[in-house]
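Reading through the structure tokens given below for one structure.
The values are calculated or read from the model by the stated rules, or taken from the named source; none is laboratory data. Keep in mind the model is a prediction, meaning the values are calculated, not measured. Backbone-built Cβ (ideal geometry, glycine too); neighbour counts: all protein chains shown. Note: accessible area is taken over every heavy atom of the protein model, side chains too, but ligands, DNA and RNA are not part of it. Shrake-Rupley method; radii C 1.70, N 1.55, O 1.52, S 1.80 Å.
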Amino acid sequence: METEVIEKIVSIEKPHLEAPPDWQPVIMGILCNWCSYAGSDLTGTSRIQYPPNIRIIRIPCSSRVDPWFIIKSLQTTADGVLVSGCHPGDCHYISGNYYARRRFLVTKKLLNFVGYHEDRVQFSWVSAAEGQKFANVVAKVTEDIKKLGPLRLYKKENS
Amino acid sequence: MDYTKQIKEIAGKLFSEEKIDVFIGYRNSGFDENQVPVLIHHYQDVDQLVFTEKSVFNLTNYLKYEHTRNKRVGLVVKGCDSRALNLMLTENQVKRENLYIVGIACEGVVDEAGQKAQNCLECVMPDSVVFDEMLGTPSGKREYQVNADIRELDGKELTERLTYFEEVFENCIRCNACRHSCPLCYCDKCCIDQETSTLYHGANTTSSAFHALMTWSLHLAGRCVDCRNCEKACPSHLPLHLLHKQNEKVVYENFQEHQAGMIEGDRGAFYKYSMSDPDDFIM
Ligand code: SF4
Ligand code: SF4
Ligand code: SF4
Ligand code: SF4
């Protein structure tokens, strides 16, 4: 008689902690107004399916992302963060995303340094015309975070 | 390294010529071997001033508080302090014409154990980069090297680093002394106070420490000058330099060898950009 093998999901950083059976990751999506948010809108209006795990907030420009936003998301509900802005050269404010990508790199490296898996925080460039790309990016991030398991580091008690 | 005599003379001269309202220097603490910062307001107090290798603090921190705002200030700066001052000038926190800067060609200060401090062993710029008057013989810029502790931690597994930092964040009591003692943290409203200042509210949790210290160190990435004023102020003796040195390393390696405050008018690494900045980690 064959028995069904249920693979247990554990936190990658804390392997002794198991995810509850119906666990679904929560991903914080921080999208810039002019490209990525419009891109995600196009995904919706084109009726392209993407995982419902992402919770989107809209910001004026990717350079509005203080590393604080990412830290705060990770400290509260999120299991992962996706930050997305306009492609280099496409910024509505000309150079905002160039400033932003410097911060992204340093934030990502510091989080990894203190013990976060590097896939917990991801970044993408999605233009307003790339509805399909947005769906693919969200699918990839969700898939990655599902593999990493729930984030159990430095969480606020009641979140 | 003992410039006590020269500094007394300079301060005395500035006061008698009425060029300054206040002089920021060091004095002996009076109850142990260590020195503490002192604000001198009158000519007759000038005799308190000292300067030796025990003059560890970064005095530019006192420029951000009210008692020196819009006053004519004389102060002593070592190499690292002068880099912080350079950034404060660039970021319009102080006016150059209000300052009389006594620069030191620094030979390094000592830590609590009496050994040469780690940041001095790795110092990239011991000479004051902005000054009106220089004491000592300048020895010039030195080669950047990756911090010894960072090299060690980099070689460890993710989980080992996690265990290490969990203990660090756990031991923080959220007193915010690190932020207050950093000359480059001068915001009137600071976002880490959103986790309410916690000695009063009992929220000095590991989580709130993680939030505060990570945010704080990322706000100083590309600006921190490694004076270690923050670390000296920390009552829990946490290795705060690890966060800053890690950021410094990433900034140096990826953003055209940027070093904070070296050149007059140069801004922090996050306030400029280059077309060739790394992009491969972005989808
Ligand atoms: S870091 Fe450099 S300038 Fe600062 S005290 Fe040490 S040797 Fe002097
Ligand atoms: S931590 Fe950030 S917001 Fe707070 S004072 Fe420092 S730079 Fe300003
Ligand atoms: S963060 Fe610490 S070491 Fe860096 S400039 Fe501020 S006080 Fe100095
Ligand atoms: S000085 Fe030390 S204990 Fe106080 S908030 Fe900073 S890291 Fe925490």
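Cross-link check: pairs B:K141/B:K232; B:K95/B:K141; A:K14/A:K108; A:K155/B:K232; A:K156/B:K54; A:K72/B:K95 evaluated at a Cα-Cα cut-off of 31 Å; pairs beyond the cut-off: A:K156/B:K54; A:K72/B:K95. For region B:70-129, the relative contact order comes to 45 percent (Cα pairs under 8 Å, sequence separation of at least 6). Summed over both chains, the contact between B and A buries some 4100 Å² of accessible surface at a probe radius of 1.4 Å. Centre-to-centre, using Cα atoms only, region A:29-98 and region A:104-118 are separated by 19 Å.
Restriction of the GluC sites (Glu not before Pro) in region B:144-180 to DSSP coil positions whose beta-carbon has at most 15 other beta-carbons within 10 angstrom yields B:E157. Normalised per residue, the accessible area of chain A is 47 Å², obtained with a 1.4 Å probe and no contribution from ligands, DNA or RNA.
Report the relative contact order of chain B, percent, no decimals, based on alpha-carbon pairs under 8 angstrom and at least 6 residues apart.
For chain B, the relative contact order is 17 percent.
With the cut-off at under 15 Å, measuring from each backbone N in region B:1-38 to a point 7 Å along the Cα-to-Cβ line of B:D47 picks out B:5, B:8-9, B:12, B:28. Please report the relative contact order for region A:71-159, taking Cα pairs under 8 Å with a sequence separation of at least 6, and give it as a percent rounded to a whole number. Rounded, it is 44 percent for region A:71-159. Between B:D111 and A:D22, the FRET efficiency estimated from the beta carbon spacing at R0 = 56 angstrom works out to 0.60. When Rg and the Kirkwood radius Rh are both evaluated on Cα atoms of chain B, their ratio Rg/Rh stands at 0.97. By the Stokes-Einstein formula, at 0.890 mPa s and 25 °C, the protein assembly as shown with its Kirkwood radius over alpha-carbon pairs has D equal to 103 µm²/s.
Stretching B:N34 away from B:M134 to a fully extended chain increases their span by 33.6 nm, per 0.36 nm per residue minus the current alpha-carbon distance. For region B:148-270, the solvent-accessible area with a 1.4 angstrom probe is 42 square angstrom per residue. If one computes P(r) from the Cα atoms of chain A, what percent of pairs lie at distances over 22 Å? Within chain A, distances greater than 22 Å cover 43 percent of Cα pairs.
Residues of region A:22-69 that bury at least 50 Å² of accessible area when the other protein chains are present, relative to the chain alone (probe 1.4 Å, heavy atoms, ligands and nucleic acids excluded): A:W68.
Using a simple spin-label model with pseudo-atoms 7 Å out from Cα toward Cβ, B:T4 and B:R69 lie 3.6 nm apart. When the alpha-carbon atoms of region B:226-283 are used, the pair Rg, Dmax equals 14.3, 42 angstrom.
Please grab the % of Cα pairs in region B:4-135 that end up more than 23 Å from each other. Spell out each step's value before the answer.
Numbers: 2432 of 8646 pairs.
So the portion of pairs separated by more than 23 Å is 28 percent.
A cut-off of 5 Å between modelled amide H atoms, ignoring neighbours fewer than 5 places along the same chain, links A:C61 with A:N33. Seen from B:Y65, the other residues with C-beta closer than 15 Å to its C-beta sum to a net charge of +1, counting Lys and Arg as +1 and Asp and Glu as -1.
Taking GluC sites (Glu not before Pro) across region B:200-258, the ones in a DSSP loop with at most 10 further Cβ atoms lying within 10 angstrom of their Cβ are B:E257. Using a probe radius of 1.4 angstrom, the carbon and sulfur fraction of the accessible surface of the protein assembly as shown is 49%.
Each Lys and Arg contributes +1 and each Asp and Glu -1, all at the Cβ; summed about the Cα centre of region B:28-70, the dipole is approximately 260 debye.
The simple Förster model, with R0 at 41 Å and r as the Cβ-Cβ distance, assigns B:Q256 and B:T159 a FRET efficiency of 0.75. Result for chain A in a Gaussian network model with C-alpha springs under 10 Å: among A:D22, A:D119, A:D41, the largest mean-square fluctuation is at A:D22.
Run through region B:33-73 and list the trypsin sites (Lys or Arg not before Pro) located in a DSSP loop whose Cβ has at most 15 other Cβ atoms within 10 Å.
B:R69, B:K71
Can you work out the FRET efficiency for the pair A:I48 and B:C175, with r the C-beta to C-beta distance and R0 = 51 Å, to the nearest 0.05? That pair, A:I48 with B:C175, gives E of 0.50. 3J(HN,Hα) couplings calculated from phi for region B:89-99 with the Karplus curve 6.51 cos²θ - 1.76 cosθ + 1.60 (θ = phi - 60°) are, in sequence order, 5, 4, 8, 6, 8, 9, 9, 4, 6, 7, 10 Hz; Gly and Pro show x. In this structure, the amide hydrogen of A:G80, modeled 1.01 Å from its nitrogen in the peptide plane, lies closer than 5 angstrom to those of A:V26, A:M28, counting only residues at least 5 positions away or on a different chain.
To one decimal place, what Kirkwood hydrodynamic radius in Å is obtained for region A:64-108 from all pairs of distinct Cα atoms? 11.4 Å is the Kirkwood radius here.
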